[in-house]
1. Got the relative contact order for the chain handy, in percent, Cα pairs under 8 Å and 6 or more residues apart?
2. May I ask for the net charge around Val38, where only other residues with Cβ less than 15 Å from the Cβ of Val38 are counted and Lys, Arg are +1 while Asp, Glu are -1?
3. Output the Kirkwood hydrodynamic radius of the chain, Cα pairs only, in Å rounded to one decimal.
4. Going highest first, how would you order 259-270, 47-58 by mean Cβ packing within 10 Å?
5. For the ranges 23-31, 282-290, what's the packing order if you count other beta-carbon atoms within 10 Å of each residue, average per peptide, and put the highest first?
Amino acid sequence: MTAIAGPLLSATINGVTYGATLFLVAVGLSLIFGVLRVLNVAHGSFYALGAFTAASAWLLISALGWPPLCIYPALVISALVVGVAVGPVVERGLLRWTFGIEAEAARENAQLLATYAIFLMLEDAQKLIWGGQPYYSGSALRLLGITRINGIPYTNYQLLLILVAVLVLIALRILLRGTKMGKFVLAVAEDPEVSSAMGIPVARIYTVAFTVGAILAALGGALASPTIGVNTGIGSEMIVLSFAVVAIAGLGQIEGAAVAALVIGVGHSIAVFFFPALSSVIPYATMLLVLVFKPYGLFAAAQVRRI
């Protein structure tokens, strides 16, 4: 293999694993917008809460002397706890009042300000609960062993993240297309007024969709926690990257979010290997390039705005 092919392969694999985590967060954001038409600025805080909760679970498992492998179900449980505890409270208690605003522009402005306020409150809550010191659970990364690809070692946990993202994508498509609740969700996303007239419990669908989106964001944070230092501020970074993914894919596009997350993940990783100074710019440059030619994203069609 040539001198450049080895680093390129390594960058691609690292990018795919990074894109898998990014997809989990971005698809939750896309789901919430697709159903509720809310651009949720607080979504990054759900990611951060999932990461902090998972890191705390690792410390608890270590302190109690439980088998280290318990951390893997604990990651999923952490995401479920965060999503179920925070999602309905935010949607019902802090956002639902905005749905009654008749003027579309005023409603969107109120929702943007409300979710930003929620983001600030959740950021402060993280500091109060976990303090300012970073949390590390990197030991969980090595429990599943390593696999060598072209002589380069990768933890099996990193490769597992790719499988999890694929399974989540498949599960979402099955749930949305093959279940009664999923068909209700699609109907509400298409037209909530007609759905309500047909007897579909729109308010309940809103809560379910928002909670599932929060769980997915928290799952992304929980699964990422062994690979990063968990500290305050990771939520703001992730929400910006998630917006980039959703903008490239098109708002409400689930499969498109998977493709966009891969594009950003691989592009960012290749830049880290070959053009380090540009690595932080690549996701946003990619978004800008796409929006110049496809203002509604790669997979979305232009829609008529109702006034």
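Just so it is clear, none of the values below were taken in a lab; they were calculated from the coordinates. This is a predicted model, so every value here is computed, not measured. In this analysis, Cβ positions are derived from the backbone assuming ideal geometry, glycine residues included, and neighbour counts consider all displayed protein chains.
1. On the way: 476 pairs, mean separation 117.3, N = 307.
Rounded, it is 38 percent for the chain.
2. Net local charge, Val38 excluded: +1.
3. Hydrodynamic radius (Kirkwood, Cα only) of the chain equals 20.1 Å.
4. The peptides rank, most packed first, as 47-58, 259-270.
5. Details: 23-31: 29.9, 282-290: 17.1.
Answer by packing, highest mean first, reads 23-31, 282-290.
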